[in-house]
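Take a look at the structure below.
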Amino acid sequence: MMFDSYLLVLIISVVMASVSQILLKHSANRKRESFFKEYLNFEVLLAYFLLLISSLMVIFALQKIEYKNAAILNSLGQVLVLLMSWRLLGEILTRKKLIGITIIVIGVYVFFL
């Protein structure tokens with residue numbers, strides 16, 4: 001595999017982890033009739049499965065990608081979660097959140113200059 005393939009694996013893992021967080025957030029917003037159903041439902045189990053696969057993908061990608069680069073790319077997960085929360089869960093994008101996204105994106109851009 002080439003370096004680009006490892007980078008792609010890392011990017012996919014960031015997206016998977018972000019989807020996992022959205023699933024957990026969506027599940028937490030729903031009322032369930034029992035404690036068991038609250039924490040062991042399809043959404044929660046799928047979210048934890050995606051998080052596990054995502055973690056394994058990061059470990060795989062770190063074989064060829066420097067840790068400092070992986071950490072910077074992982075910070076984009078926060079941007080993805082915020083944007084997906086806004087689009088999929090109807091959360092409000094406040095001015096502070098937009099400033100935070102901007103700072104993260106500028107930081108990633110500056111790092112890779």
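Read-outs: derived from the displayed coordinates by stated rules, not from any lab. Quick caveat: nothing in here was measured; it's all calculated off a predicted structure. So basically every Cβ, Gly included, is an ideal-geometry build from the backbone, and we count neighbours across all protein chains shown.
Details
- Pairwise Lys count, the chain - Cα closer than 30 Å, eight or more residues apart or different chains: 8
- Seen against the Cα atoms of the chain and their longest principal axis, helix 42-61 is set at about 10 degrees.
- Stretch gain in nm, segment Leu52-Thr102, where the contour uses 0.36 nm per residue and the Cα spacing is subtracted: 15.1 nm
- Taking trypsin sites (Lys or Arg not before Pro) across segment 1-73, the ones in a DSSP loop with at most 16 further Cβ atoms lying within 10 angstrom of their Cβ are Arg30, Lys31, Arg32, Lys64.
- Rounded if a/c under 1.5, otherwise prolate or oblate - the chain, Cα gyration tensor axes: oblate
- Residue-by-residue Karplus 3J(HN,Hα) for segment 102-113, coefficients 6.51, -1.76, 1.60, Hz, glycine and proline x: 4, 4, 4, 5, 4, x, 5, 4, 5, 4, 8, 5
- Estimated 222 nm signal from helices in the chain, with DSSP H stretches of n ≥ 4 weighted -39500 (n - 2.57), rounded to 500: -26000 deg cm²/dmol
- Distant-in-sequence amide H partners of Glu91 (H built 1.01 Å from N, under 5 Å): Trp86
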